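Below is one structure, written out as structure tokens; the observations come after it.
The values are calculated or read from the model by the stated rules, or taken from the named source; none is laboratory data. What you see is a predicted model, and the numbers here were worked out from it, not measured in a lab. Because the Cβ atoms are built from the backbone with ideal geometry, glycine has one as well, and the counts that use them run over all protein chains shown.
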Amino acid sequence: MQIWPVLLLKEGHWRQPERTLPRSALGAAAYRLRCYDLRSVRHGVHSLSRELIERWRKTNLAKILGLLRHAKSDWGDGAERDFDRGLNDRGREGAELIGDHIRAYGIEWDKVLASPAERVKQTLTGAIPEMPAAFDDKLYLASPDTIIDVIAAHADDSADEAILVVGHNPGLQEMVLELVSPSDENAMFRDAVVKFPTATFAVLKCEVESWSALKKFCAKLTHFTRPRDLDSELGPEG
């Protein structure tokens, strides 16, 4: 019986094979699985039979989709076009705060796809400047169908397990409503239904093997954080 080494990451998702993980990060509660050749991993591995691996894969395959709405924009900055509006002071504060939260959450994003609107660019600069983004004009004020098409066009199914999309409402909120299965509606989903505020960060676990297979009711909302959840001063303005 062939034995393969397996990396199991409890939170976040798979790191590159050349990187190693502490044993504390390993466990049966992992939601993703990938096999690596033993020579590429120095420590932190568990050995499972090929048959068990294949059985586990068939029931646990998923893609991780992150959604980040741009931070609060400045309606009085003199920009002639909506596309060119930047962030206001409150937005810059919210972007920095949600960026710290995204890093602490621990997912290593394989790809960041973003609208090229100025308020999105400034959000990325303030929140996650260390993460390079691919800008796509189609993501500006995009509908869920367009967002899904853009993801499929940019994604590499063999390498991209987690993709973060940075853009606008109503498209991002509608993505949650479109993808989350009725059987998986939870308190976070109900909050998202009410409002998807600026600088909100959401994570969906999508039960698909390929990004092109994203479809209605394929996902569960596993994380939903608004700036006001991190700092009450950034709640709705009176």
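Being under 14 Å from Gly66 (Cβ atoms), aliphatic (A, V, I, L, M) and touching a Ser or Thr at 6+ places or on another chain (Cβ under 9 Å) holds for only one residue in Val176, Val166, and it is Val166.
Number of residues in region 134-148 that are surrounded by fewer than 15 Cβ atoms within 10 Å (Cβ to Cβ), within 17 Å of the chain's Cα centre (by Cα) and not small (Gly, Ala, Ser): the value is 0.
Look at (1) at pLDDT below 95; (2) under 22 Å from Thr198 (Cβ atoms); (3) of a type outside the set (D, E, K, R) and you find that Ser143 fails only one, number (1). Scanning region 91-106 for residues that are surrounded by fewer than 23 Cβ atoms within 10 Å (Cβ to Cβ) and either at pLDDT 95 or above or assigned to a helix (DSSP H, G or I) (or both) yields Arg92, Glu93, Glu96, Leu97, Asp100, His101, Ile102, Arg103, Ala104, Tyr105. Restricted to region 170-200, and to residues there that are surrounded by fewer than 16 Cβ atoms within 10 Å (Cβ to Cβ) and polar (S, T, N, Q), the residue that is farthest from Arg119 (Cα to Cα) is Ser183. The numbered conditions (1) out of contact with any Pro (no Cβ under 9 Å at 6 or more places or on another chain); (2) in a loop (DSSP other than H, G, I, E, B); (3) closer than 20 Å to Lys195 by Cβ are all true for Ala71 except (1). Summed over region 107-116, residues that are out of contact with any His (no Cβ under 9 Å at 6 or more places or on another chain) and surrounded by fewer than 18 Cβ atoms within 10 Å (Cβ to Cβ) total 1. Could you say whether any residue in region 117-129 is crowded, with 22+ Cβ neighbours inside 10 Å, touching a His at 6+ places or on another chain (Cβ under 8 Å), of a type in the set (Val, Ile, Thr) and closer than 12 Å to His70 by Cα? For region 117-129, residues crowded, with 22+ Cβ neighbours inside 10 Å, touching a His at 6+ places or on another chain (Cβ under 8 Å), of a type in the set (Val, Ile, Thr) and closer than 12 Å to His70 by Cα: present. Residues considered: Val180, Val203. Of these, the only one that is of a type in the set (Val, Ile, Thr), in contact with a helix residue (DSSP H, G or I) (Cβ under 8 Å, 6 or more places away or on another chain) and closer than 23 Å to Leu124 by Cβ is Val203.
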